[in-house]
Amino acid sequence: MMNRRTLLSSSTAALGLGLTATVIPANLRAQEKLKIGFVYSSLIGDAGWTFMHDEGRLMLEAEFGDAIETAYVESIDGGADAERVVRQFASQGFGLIFGTSFNHMNPMARVAEQFPDVKFEHATGYTQLPNMAIYHVRDYEARYLLGMVAGSMGNSLGVVASYPIPEVVRGINAMTAGARSVNPNFTTKVVWISTWFDPGLERTTADALIDQGVDVLAHFTDSPAVVQAAEDRGKYVVALGAMDQYGPKSHLTAMVYNWGPYYVERTRAVLDGTWASSNTWEGISRDMLTISPLNAAVPADAGAAVTAKQEEMRTGAFHPFAGPVLTNTGEEKVAAGAVADDGMLLSMDFYVEGVEGALPS
Amino acid sequence: MLPRLVLRLQPSALALYGAPVIALIFTLAFGYVLFASIGRDPLAALHAYFIAPVNSTFGLSELLLTALPLALIGLGLAVGFRANIWNIGAEGQLLLGAIGGGSVALALWGEGVPGTFILVCLTGAITGMAWAAIPAFLRIRFNANEILTSLMLIYVADQLLGYLVHGPLKNPQGFGFPESRLFSAEAQMPLLWDGTRLHVGWLLLPVAAVGIWLFLSHTLAGFRMRVGGDAEPAAAYAGFSRPGMIWLSFLLTGGLAGLVGAMEVAGPVGQLLPTISPGYGFAAIIVAFLGRLTPLGVVLAAHLLALILIGGENVQMLGVPSSVAQLFQGVLLVALLASDVLVRFRVVWSTPARRAA
């Protein structure tokens, strides 16, 4: 058995060895690789928003191998930390930096102005600079498909919603419109919980919605709690990010962000020297978005209709907000024959027909 | 042979300064093994933790900037904790300061009033105090446990901030996102050091630290607070007013926390957001105890905590997961607090005498 003295001396030796063995090569290593930094707003976990961004980062590593090096910092959300982290990346020789949360926008813009040679990419925001591109996904396309699945499996949807921002309102409306396209009497109940991640609150909200009699659940939050609630209570759920491992019977399908192809494209552009600032808002047509395989409980004809609609969106033949679009108070927002323009989509502040209640103002 | 703890009659001077050193050595050794065990270069990780954050002027300025809120709130908490008055809700008082200060900044947006930032800070301090007055009042009037009331008011403050940035204070040009406008230049804290984010608010730290040291060690009111904590019956017998102590400690901490909130939104953040503090109000509780409830100790502890906070971000850039970074931070804090046992107790190795049956 090792006594205290030998433990002490062997750990001193280990410290000494470490000093000579590790520090020197690190200093001599050439710094030619493109270093790519990711700022995440939450922990990666095993499902949800940040998890899907990290899938994209892993795709970069698989695609470019030794030509690049990636790093990430988790749980950076708002406050003074975001600017420091972005700046640390920029000043440590990272050539391409992705900010994956809305709250990273203003901090990133401030750093971008100080580091003109570094390329910045910000997801979900609206500030674009010569060296800061913005990108987001037309998530309402997949939400419409989720709604179609929900509408063929039940008569009502209960939504565990995060914040009443246009993106989330758009998703609620798209799901409701999709459901009503296959089930005209379908209705949607919404509960706002003012958080992106709170498994306890997500669960109790899901339970409350089930108690009110909804058939299918949906969520904009990050944890699998809503899927687990549906599984335990014998209801269905359309999820955010594939979470079928949490609900083999209840998980009908999920909206899946597919950031990888975009990340690969932008990284290749930096490596080729062709990167330019841009504003990307694409969806199914550019493979930035998809839905996960349908549950066996979904009837084949309903599945076929969903697949057909997905193809129509891919070719541009169908738009989820094609007119007539009516609010739930009967006001016409988009006339028959027209489609909602991006300005309306980006600032959507009304519920469509079929959603119960009023938006918090 | 079993170790036993025997209370020292006098705190040991050797242990007073030696305990943190022992804790640090233990933590470094633990970190070495921890980082090596997940396949990372342990020396590079420790370097990223403790050296990299401070080996550039920007890094140093960030350390001072991050330590500022922790130190200011920790100083206030230390006064109350000395008197066994437990304000756990500094985070909520910080948020109210941000709301109050931020509202002034937004009300004067684009008006070009010079020195708006001073008004922002003052309003923040006052709204923080007002929020802290609620648990103080409930304690004095209804004997409601201040730990619970101050803690619960954090969640109320959080929801209030959320309501405001989604509603009345939302940026009209912000595409519906939950954030206020960026404050105009005259509402922002002037920088103390060009090229960094360190602002003039930092100058308040030495003032507050010296002021609270003078208060605790050289004033009758400070003496009352200490007696109130060490021996409450004695303080009552001497006629020291308990409500007075409660008011003082809550208003002091609430004012400092509110000031911090206002300086965060008018400083590095620059606008109101749904999330503006990474938990400074909670971390300041650790800072207060780590600093042994003394002003100098609190200031040192705040800088240590800021260092490991920034270091925790740095090691993630080397591929250390944030959960491992937090584990390491936790071990450092536990080691530091646990080693304090050595200051008040000494370890005696002895076989307990067998009692006669």
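Descriptive notes on the structure:
- The number of residues in segment A:247-265 that are buried (at least 20 other Cβ atoms within 10 Å of the Cβ) and either among the β-branched types (V, I, T) or in contact with a Lys or Arg (Cβ under 8 Å, 6 or more places away or on another chain) (or both) comes to 5.
Condition check ((1) over 29 Å from A:D232 (Cβ atoms); (2) in the same structural domain as A:A229 (by TED's automatic domain parsing); (3) touching a helix residue (DSSP H, G or I) at 6+ places or on another chain (Cβ under 8 Å)) across all residues:
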| site | (1), (2), (3) |
| --- | --- |
| A:P248 | no, yes, yes |
| A:G283 | yes, no, yes |
| A:Q310 | yes, yes, yes |
| A:A358 | yes, no, no |
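- For segment B:238-250, the set of residues classified as assigned to a helix (DSSP H, G or I) and surrounded by 19 or more Cβ atoms within 10 Å (Cβ to Cβ) consists of B:M245, B:I246, B:L248, B:S249, B:F250, listed by residue number.
- B:R197 in a loop (DSSP other than H, G, I, E, B), of a type in the set (K, R) and closer than 17 Å to B:P69 by Cβ: yes
Residue-wise test of (1) outside any helix (DSSP H, G or I); (2) within 13 Å of another protein chain (Cβ to nearest Cβ); (3) crowded, with 21+ Cβ neighbours inside 10 Å; (4) not basic (K, R).
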site: B:A288; (1), (2), (3), (4): no, no, yes, yes
site: B:V298; (1), (2), (3), (4): no, no, yes, yes
site: B:A302; (1), (2), (3), (4): no, no, yes, yes
site: B:A306; (1), (2), (3), (4): no, yes, yes, yes
site: B:G312; (1), (2), (3), (4): no, yes, yes, yes
site: B:Q329; (1), (2), (3), (4): no, yes, no, yes
site: B:L337; (1), (2), (3), (4): no, no, no, yes
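- Only listed residue being of a type in the set (F, W, Y) and touching a Pro at 6+ places or on another chain (Cβ under 7 Å), chosen from B:F223, B:F250: B:F250
Here is a yes/no grid of residues against (1) buried (at least 16 other Cβ atoms within 10 Å of the Cβ); (2) within 12 Å of chain A (Cβ to nearest Cβ):
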| residue | (1), (2) |
| --- | --- |
| B:E111 | no, no |
| B:T116 | yes, no |
| B:A130 | yes, no |
| B:P135 | yes, no |
| B:I147 | no, no |
| B:L151 | yes, no |
| B:L169 | yes, no |
| B:S180 | yes, yes |
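- Residues being surrounded by fewer than 24 Cβ atoms within 10 Å (Cβ to Cβ) and more than 14 Å from every other protein chain (Cβ to nearest Cβ) - total across segment A:154-174: 3
- For segment B:113-167, the candidate set comprises residues that are among the hydroxyl-bearing types (S, T, Y) and out of contact with any Leu (no Cβ under 8 Å at 6 or more places or on another chain); within that set, the residue that is nearest to B:L256 (Cα to Cα) is B:T123.
- Among the candidates B:G115, B:G124, the residue that is over 23 Å from B:L220 (Cα atoms) and more than 20 Å from the chain's Cα centre (by Cα) is uniquely B:G115.
- Residue in segment B:269-277 that is touching a residue at least 40 places away in the same chain (Cβ under 8 Å) and in a helix (DSSP H, G or I) present: no
- The listed residues are B:R8, B:R40, and the only one of them that is closer than 30 Å to B:E232 by Cβ, over 24 Å from the mean Cα position of the chain (by Cα) and of a type in the set (K, R) turns out to be B:R8.
- Residue match in segment A:136-150 (condition: of a type in the set (V, I, T) and more than 28 Å from B:I276 (Cβ to Cβ)): yes
- In segment A:329-361, the residues that are within 14 Å of another protein chain (Cβ to nearest Cβ), among the hydrophobic types (A, V, I, L, M, F, W, C) and in contact (Cβ under 8 Å) with a residue 40 or more places away in the chain: A:L345, A:L346, A:M348, A:F350, A:L359
- Residue match in segment A:309-316 (condition: over 20 Å from the mean Cα position of the chain (by Cα), farther than 19 Å from A:M175 by Cα, surrounded by fewer than 16 Cβ atoms within 10 Å (Cβ to Cβ) and charged (D, E, K, R)): no
- One residue stands out in segment A:59-100 among those that are more than 13 Å from chain B (Cβ to nearest Cβ) and without any contact (Cβ under 8 Å) to a residue 12 or more places away in the chain: the one that is surrounded by the most Cβ atoms within 10 Å (Cβ to Cβ), namely A:A62.
- Residue under evaluation A:T50, criteria (1) within 13 Å of chain B (Cβ to nearest Cβ); (2) part of a helix (DSSP H, G or I); (3) over 20 Å from A:G273 (Cα atoms); (4) modelled with pLDDT of 95 or more, criterion not met: (4)
- Residue check, A:I134 within 14 Å of chain B (Cβ to nearest Cβ) and buried (at least 23 other Cβ atoms within 10 Å of the Cβ): no
- The residue of segment B:339-357 that is nearest to the other protein chains (Cβ to nearest Cβ), among those that are in a helix (DSSP H, G or I) and surrounded by fewer than 18 Cβ atoms within 10 Å (Cβ to Cβ), is B:V341.
- Hey, B:V156 in contact (Cβ under 8 Å) with a residue 40 or more places away in the chain, of a type in the set (A, V, I, L, M), part of a helix (DSSP H, G or I) and buried (at least 17 other Cβ atoms within 10 Å of the Cβ) or not: no
- Residue among B:L16, B:L72, B:L64, B:L68 that is surrounded by fewer than 18 Cβ atoms within 10 Å (Cβ to Cβ), in a helix (DSSP H, G or I) and in contact (Cβ under 8 Å) with a residue 40 or more places away in the chain: B:L16
The values are calculated or read from the model by the stated rules, or taken from the named source; none is laboratory data. Predicted model, so just to flag it, every value in this text is computed and none were measured. Positions of Cβ are generated from backbone atoms using ideal geometry, with glycine treated the same way; all protein chains shown enter the neighbour counts.
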